[in-house]
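Okay, so here's the structure we're looking at.
The values are calculated or read from the model by the stated rules, or taken from the named source; none is laboratory data. Because the structure is a prediction, the values reported are computed rather than measured. So basically every Cβ, Gly included, is an ideal-geometry build from the backbone, and we count neighbours across all protein chains shown.
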Amino acid sequence: MTTGAQTPRPPARPRRSRLRTFLPLGIAAWLVLEIWLLTVVAGASSGLVVFLLLVAGLFLGSVVIKRAGRRAFANLTRTLQQEQAGTAPGARPDSEGNGLMMLGGLLLILPGLISDALGLLLLLPPVQKTVSRRAQHSVERRLREAGPGTFGDAFRQARMHRPDGKVVQGEVVRDEPDDTSRGPRPPLDR
């Protein structure tokens, strides 16, 4: 028996972003290209040369990451010591580029010749400055487009939303005096 009422349609799924669509395809193409390039180099020389290239990349990448980590830790220690002494920490020219050096080291560790070339490029100071400047401008532009508010506000708003979409706002106020002298509390029963 029908009542003439239309059946409700399920809500349409949101459209996938370009990044979610093309990132897996790009990673798969990159992996295929890396494997193909390794086989071409192995065919032109020998498998031993490819193995030595991969081991050299692993060794060099680990050295770069270790050096960048030590440099970042030394900068942090120096800054903390200056703040404890009451002096304002000054600008240090060697404090920038640690993240890009670590990324370059990680790319060197990954097996493949293209990732090794990108990792070596990220170790060059002019490339680091260019990438750092572009990343900073990109982040600043996105923050300007995001509108007013702070990161703390966004984090607090993200925590307030429940999985079902409802927003629960509230505040916990306790007016009880310090009751540590009462002894242990009985367990809560359901």
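Structural remarks
- Considering residues of region 5-35 that are part of a loop (DSSP other than H, G, I, E, B) and either in contact with a His (Cβ under 8 Å, 6 or more places away or on another chain) or hydrophobic (A, V, I, L, M, F, W, C) (or both) only, the residue farthest from residue 114 (Cα to Cα): 5
- Checking 44, 91, 29 one by one, the residue that is aliphatic (A, V, I, L, M) and either closer than 22 Å to residue 128 by Cβ or at pLDDT below 90 (or both) is 91 and no other.
- Filtered by the rule that a residue be among the basic types (Lys, Arg) and within 22 Å of residue 104 (Cα to Cα), region 13-71 gives 66, 67, 70, 71.
- Residue check for residue 53: part of a helix (DSSP H, G or I) and either touching a helix residue (DSSP H, G or I) at 6+ places or on another chain (Cβ under 7 Å) or closer than 28 Å to residue 123 by Cβ (or both): yes
- In region 36-86, the residues that are farther than 13 Å from residue 116 by Cα and in contact (Cβ under 8 Å) with a residue 40 or more places away in the chain: 41, 63, 65
- Selection within region 58-88 - polar (S, T, N, Q) and surrounded by 15 or more Cβ atoms within 10 Å (Cβ to Cβ): 75
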